[in-house]
Each structure stands twice: as C-alpha cells, then as structure tokens.
C-alpha cells in the first residue's frame, strides 16, 4: 500500500536544492470532503507563517509537503482515541514519511471534523505530531493562529494559557517559570527593557507560574498577533540551527 507525495510549491525553499536543513511541514487531510478546501487551508497556513516573525525571515528554509492517505490507509495508520491526542498515529506511517523526506519533520494532521487541536512538546530536530481540529475555528484567521500556537509547542514553547488543556503542559524554559527567580534567569535581560516583557502571572494552567507577556500566540491566539519578544528570541535561536545542520541524505532513522 503506497502513500502519495506532492510537494506544495507555495514558495520554493532553497534547501530543497542543497544539503542544508529545512523546517519540514507535512500536511495530511483527515475527513475532508473537498481537496480544494484542504489546499486552501494549507495555503492560508503558509501565508500566515510567511508573515509571522521569526518564520518570515527563513521562508526559504521551510518546505511544505502534502501527504494523501486513502480511506484504507487512514484506517490502517490513524486511530481515534478519547481525550488528548484525539488521534493516534501508527509508527509505521511516521517511519515511512521520514524515509521519504530523509530528515526530521512535523506531521500536521488537519481533521476537518475534529474539534480538538494539540501538539507534542518537542524540538526542531525531532519528528513530532500536530493535530488541528478544523471545526473548532470559526474563521481562517483563528485557524491559522491556532496552527502557529501548536507549531510553537512542536518547537519547544510552553502553553501560556490557564485552561485545563494548558495544564497538561509542564512548566519550563523558555516561557513558563515556576518562580519569579526562575523567570529572571530566563528573560530578566528583557523584562522592563523591551516592550511588553515582564513577569506576568499564569501559564501551563497555573496562576502562580510566570510568563513573559500578557498576550502572545502561546497564550490566547485569537487575541494576539505574534509570539512576543521572549518567544521570538527563542524561536530565532532554534531556527538558526537549520543553518548549522546538514540534511540527512542517508535517510531518516
């Protein structure tokens, strides 16, 4: 049983033609009735990403793939589950995808009928899963911001919210400190010196923890337009590793 690969040339990353590393995003539609709508959703995400700091500065290092699974393959590789995550992935699909791309990647499942979005707390050098429950978003703006929030998790950012889902995320660097002393160690050089940065109560579901800004995409995506200075600094440092890491041309392990 074979999967179908199509590289979406929304913008052509130069790393596709060299041994340099890319941020590889693999989009897979689930429960979409129309291929056209899925493509429109993916293009909307790419457009938002290109306009959002710090990703807009490395658009030539981001590659977009589309993974199409037949109904039989969806049954084979995807399994519904209660709670979070709402979908479980067969390891064979992750391995097959890795061998095809020959590098680490983020698998983005967009479930047209799903109402839950979540992502593994991970890092840029590792394969991890992002799930977007498309039906929970009332607009394209909300949907694309929701993707950025989950992408942030997949690159190592903590949840700055106070709801029950945010509480599933453990506090830690770079953006959710248990104590103010810890927060000073992580972003004290920016607090009070850079606009919006301070020691704000509440993150990872706990009001006593500290986050760096009142509003960011890691807190309330619908009310924020960016990741905030502290998170942007972390993401910039993380993305810079792409320039120091060669692609694994021997195949993903």
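None of the figures in this text is laboratory data; all of them are computed from the coordinates on show. The model shown is predicted, which means the values in this text are computed figures rather than measured ones. A quick note on method: Cβ atoms are made from the backbone with ideal geometry, for glycine too, and the neighbour counts reach across all protein chains shown.
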Legend entry - Cα gyration tensor of the stretch 146-232 - equivalent ellipsoid semi-axes, whole Å, descending: 18, 15, 11
Inset, instruction - Counting helices only, and only those DSSP H runs with n ≥ 4, report the 222 nm mean residue ellipticity of the chain as the sum of -39,500 (n - 2.57) divided by its residues, in deg cm²/dmol to the nearest 500. - result: -8500 deg cm²/dmol
Inset, instruction - Evaluate E = 1/(1 + (r/R0)^6) for residue 102 and residue 36, where r is the Cβ-Cβ distance and R0 equals 45 Å; express this FRET efficiency to the nearest 0.05. - result: 0.90
Inset, instruction - For the chain, calculate the relative contact order in percent as a whole number, restricting contacts to Cα pairs under 8 Å that are 6 or more residues apart. - result: 19
Inset, instruction - Under a 10 Å cutoff between Cα atoms, tell me which one of 168, 107, 94 has the largest fluctuation in the Gaussian network model of the chain. - result: 168
Legend entry - Fully extended contour minus Cα-Cα distance, from residue 196 to residue 92, at 0.36 nm per residue: 33.0 nm
Legend entry - Extension gain, residue 168 back to residue 56 (0.36 nm per residue minus Cα-Cα distance, nm): 37.4 nm
Inset, instruction - For the stretch 16-79, just list the percent of Cα-Cα distances falling in each 10 Å bin from zero outward, please. - result: 18, 41, 29, 12
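Could you work out the percent of alpha carbon pairs in the chain separated by over 30 Å, rounded to a whole number? Don't jump to the answer; show the numbers that get you there.
Numbers: 8301 of 31878 pairs.
Here the long-distance tail beyond 30 Å is 26 percent of all Cα pairs in the chain.
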Legend entry - Computed E for residue 214/residue 139 - FRET, C-beta separation, R0 22 angstrom, nearest 0.05: 0.45
Inset, instruction - Looking at the chain, send over the antiparallel percent of its DSSP beta bridges, to the nearest 5. - result: 45
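Averaging over all projection directions, find the projected area of the Cα convex hull of the stretch 56-204 and quote it in nm² with one decimal place.
That works out to 10.8 nm².
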Legend entry - Label point at residue 80 placed 7 Å out along Cα→Cβ; residues across the stretch 93-135 whose backbone nitrogen lies under 19 Å: 109-118, 131-135
Inset, instruction - Report, in cubic angstrom per residue, the convex hull volume of the C-alpha atoms of the stretch 81-122. - result: 85
Legend entry - Most mobile of 115, 202, 138 in a GNM of the chain (Cα contacts under 10 Å): 138
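Multiplying the sequence separation of residue 113 and residue 225 by 0.36 nm and subtracting their Cα-Cα distance, what value in nm do you get?
Using 0.36 nm per residue and subtracting the Cα-Cα distance, I get 37.7 nm.
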